[in-house]
Amino acid sequence: MFTHIRKPSVSGTFYAGTQLELKEQIEWCYKHRLGPGDLPRIAKEGPREILSLIVPHAGYLYSGPIAAHAYKELADDGIIETAIIIGPNHTGYGPPVSIWAKNSWSTPLGEVEVDEDLAQKLMGGIVKADETAHLYEHSVEVQLPWLQHLYGKVRIVPIAMMAQDMETAQELGQAISMYAANSLVIASTDFSHYEPQDIATEKDMAMIEAITNLDEGELYQRRESLDCTMCGYGPVAVAIMVARATQAQKPRLLKYATSGETTGDFSRVVGYASIVIKKR
């Protein structure tokens, strides 16, 4: 287990496959009309107030400009050492909650080291060390080039959630909250999938309201009652629970848009949001 570097699975598809093209693509996202408008500059003496980011994980051509708002906010906040990145398990491989616990991950921008000490501390109970869940999963991977573009070197703890029920989210959230003060928590999710623009937006805004109210119970209830196809509700619930456990500020929506606003096809869109949660 974990004897090799995790190779990129969606390089060349979800994002550009060469170093130069990927840097250019990330810069395009920042400057896009749906993006923050300018390139990030690291505030080296930044306040480091950000506890968590909720960020989309679709192809950069679709969700990249929205994701750029979260990473621009992060740059303004200062330098991080470790990012705990939690994404839904789309592939069905591996145990209910899987941590890639050793070595590193690679992208066209280089290698990202796994924070092995923190990964070890988070394991136990439902959280298992496993690589099969991560081999073909994109929800964690697509966040890495953003962090590399900002910081060059950064450590990560990659977590894939196949079980996204409330009890699992509570157990994982409780474990992470013990170490959140010195880490950034990234919850990777897209919102509604393949709905007409008006329906997707209505459902997504209801989900975002539950998030900004730090109400994971309402998040689960609305996902069920609205039949919302948000894929990373478990990781988002974890971020909410960590925020409440650490008495964080109310989450703030940075940007919401849909794939229709990048493609022009509003008949079957996917919703994307960037949300920031700051420490008290």
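Where a number appears in this text, it was derived from the coordinates with a stated rule and is not lab data. All of these numbers come straight from a predicted model, not from anything done at the bench. No Cβ is skipped: glycine too gets one built from the backbone with ideal geometry, and neighbour counts run over all protein chains shown.
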- Query: Taking the alpha-carbon centroid of each part, what is the distance from the range 103-154 to the range 156-175 in angstrom?
  - Reply: 15 Å
- the chain: calculated mean residue ellipticity at 222 nm from DSSP helix runs of at least 4, using -39500 (n - 2.57): -11000 deg cm²/dmol
- Message: Explain nothing, just the number: dipole magnitude of the range 4-45 about its Cα centre with +1 on each Lys and Arg Cβ and -1 on each Asp and Glu Cβ, in debye rounded to the nearest 20.
- Response: 140 debye
- What is the total of Lys pairs in the chain with C-alpha atoms under 14 Å apart, excluding same-chain pairs fewer than 8 positions apart? 9
- Query: Based on the alpha-carbon gyration tensor of the range 111-153 and its eigenvalue square roots a ≥ b ≥ c, which shape applies: rounded if a/c is under 1.5, prolate if not and a/b is larger than b/c, or oblate?
  - Reply: oblate
- Query: Which one, (i) 1.09; (ii) 1.02; (iii) 0.93, gives Rg/Rh (Cα atoms, Kirkwood Rh) as derived from the coordinates shown?
  - Reply: (iii)
- Item | Cα-centred dipole magnitude for the chain, charges only on beta-carbon of K, R (+1) and D, E (-1), debye, nearest 20 | 620 debye
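If a helix is a whole DSSP H run, which ones in the chain reach 20 Å or further along their own axis (Cα) and hold a mean Kyte-Doolittle hydropathy of at least 0.5? Show your work: numbers first, answer last.
On the way: long enough: 60-77 (25 Å, -0.28); 197-212 (22 Å, -0.01).
For the chain, where a helix must reach 20 Å along its axis and average at least 0.5, there are no hits.
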